[in-house]
Structure formats: C-alpha cells, structure tokens
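Q: Handing you a structure now.
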Amino acid sequence: MFAIFGLGTVGLAVAEGAKAAGATRIIGIDIDNKKFDRAKDFGVTEFVNPKDHDKPTQQVLVDMTDGGVDYSFECIGNVSIMRASLELSSRTR
C-alpha cells in the first residue's frame, strides 16, 4: 500500500512506478481535487484532500488504512509534509 503526497509531475511518476511494481492500493494526497482524475491514469486508486478534513492528514490515512501504509512518498518539498509522510509509514503494523 502506497501513499503519495503531491500529485504533480513527480508524484504521478511515483504513482506510475508503484503501479508497475504491483501496488493495488495507491492513495494520492493533494489539495487540488482536479488532480485526481489525471492521477487515476497513473494508478492512483484513492484520493485525499487535506482541506476536506479537520484531523491531520496522517491521522486520516491511518484511519483509512487501519494503521498506516507500507510506503509513503513526499513529492512536494515541504518539511512538515515530509514529517507527516514519515509518521504515516513508520506506524507499527
């Protein structure tokens, strides 16, 4: 299970790589809802917009996935998002 923070060019490349590696659940995280339709073409299966939730994004994803993801990629370049990505993937499962 993969989570990708940021669905720009880099994030879409990560999604395509995850799909090629056999991932069946790829969660894209972005504040632009319009990016989800394009991201589906690259293998993203679910979408989370952080603006749609009151909880921290990593908590939303932990709840969605029953504990976190196997791989998490931060494709934005923001230190606070890097931390959220790390917290999401470092949960004991």
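Q: Before anything else, pin down the relative contact order of the chain: Cα pairs under 8 Å, at least 6 apart, normalised by residue count, whole percent.
A: The value is 33 percent.
Q: Amide H to amide H, which residues 5 or more places from Ala3 or on other chains are under 5 Å from it, using H placed in the peptide plane?
A: So Ala3 has HN proximity to Ile27, Tyr71, Ser72, Phe73.
Q: With a 1.4 Å probe and every protein chain kept in, tell me what percent of the accessible surface of the chain is carbon plus sulfur.
A: Roughly 51 percent, rounded to a whole number.
Q: Rolling a 1.4 Å sphere over the protein heavy atoms, what is the accessible area per residue of the chain, to the nearest Å²?
A: Accessible area per residue, the chain: 57 Å².
Q: If the cut-off is a Cα-Cα distance under 17 Å, which lysines reach Lys35, setting aside same-chain residues fewer than 8 apart in sequence?
A: Reachable lysines: Lys51.
Q: Using the C-alpha atoms of the chain, what convex hull volume per residue, in cubic angstrom, is computed?
A: Spelled out: Cα convex hull of the chain, divided by residues, is 82 Å³.
Q: In addition: Can you give the calculated 222 nm mean residue ellipticity of the chain, where each DSSP H run of n ≥ 4 adds -39,500 (n - 2.57) and the sum is split over every residue, rounded to the nearest 500 deg cm²/dmol?
A: Computed mean residue ellipticity for the chain: -12000 deg cm²/dmol.
Q: So how strong a dipole does the chain carry about its Cα centre when Lys and Arg Cβ are +1 and Asp and Glu Cβ are -1, to the nearest 20 debye?
A: Dipole size: approximately 80 debye.
The values are calculated or read from the model by the stated rules, or taken from the named source; none is laboratory data. Everything numeric here is computed off the predicted structure, so don't read it as measured data. Methodologically, a virtual Cβ is constructed for each residue, glycine included, from the backbone with ideal geometry; neighbour enumeration extends over all protein chains shown. Remember, those area values only see protein heavy atoms, side chains included, never the ligands or the DNA or RNA. Shrake-Rupley method; radii C 1.70, N 1.55, O 1.52, S 1.80 Å.
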